[in-house]
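These notes concern the structure reproduced below.
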Amino acid sequence: MLGNRKLVGGILLAILLLTTLAACSKADATPTNSPEMVYTQAAQTVAAGLTQTAVLMPTATSTPTLQPSNTPAPTQAATATLSVSVTPLVQKSATSATGPDKAEWVAQNPGDGTVLNAGQDFTLVWTVKNTGTTTWTTDYQLRYYLVEQSLRMGAGDLKLSKEVKPNESIDLSLAMKAPANSGEYTTIWVLTNKEGVNFYPLTFGFKVGAAAATATATVAPTAGATATP
């Protein structure tokens, strides 16, 4: 752009000089060319200069600017993790690892494997012996141990009815009612000291058969006497 301005300025300066010379020579000599011709030649010179300059100038080519593509980066899909917390039906140990409280099974009635009728009432008796070094007080108790409450069979936790010194025995009786459905069952109970520590388990495994059928008396009709004519 600056080169064009210089070229045009030079051409205009040349025209001015030519005009001045023409004016000065008008009085001294007869002009060979008329002023119109001078202006025409000057205009042609300017046009030629502009044309040459246009040829020499590089052509401005509009280069489109590529806009950055707004392509979002791939996002890793979130994977839903289902965390399931399963709480097993586990209770405290039926016996203490160490301690002065100890017991020994002596007898049980009814025995394991007994078949009971569905819904039958019965009394479960465990006889146990104190083989530890402490005296079982009436704060000691026999407690139900399982999570499944139906196998309580109607019996509640039982506190000892008397003190049991070392080497003495006691009968623990529970009034129960057999389950209504047939099958094999096991109920678990535990001896617990006054601090609430379990130290000896007691179990009873039994079967339940079908409910006893109720006998219904059926009276057969009596055949009447046939008259003989």
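Checking the condition at pLDDT below 95 and farther than 14 Å from L202 by Cβ, which residue from L82, L116 passes?
Answer to the selection: L82.
Which residue pairs have Cβ atoms closer than 8 Å, lie 6 or more positions apart in sequence or on different chains, and pair a first residue in the range 112-136 that is at negative phi and assigned by TED's automatic domain parsing to the domain that holds L191 with a second residue that is surrounded by fewer than 15 Cβ atoms within 10 Å (Cβ to Cβ) and β-branched (V, I, T)?
These pairs meet every condition: T127/V106; V128/V106; K129/V106.
At least 3 residues that are over 19 Å from G99 (Cα atoms) in each: list the strands (runs of 3 or more DSSP E) lying fully within the range 113-220 that qualify. Can you show your working first?
Values: elements: 114-116, 121-130, 141-144, 169-177, 183-192, 198-208.
By residue number, 114-116, 121-130, 169-177, 183-192, 198-208.
The values are calculated or read from the model by the stated rules, or taken from the named source; none is laboratory data. Remember, it's a predicted structure, so these values are computed and weren't measured experimentally. With ideal geometry, Cβ positions are generated from the backbone for all residues, glycine too; neighbour counts draw on all protein chains shown.
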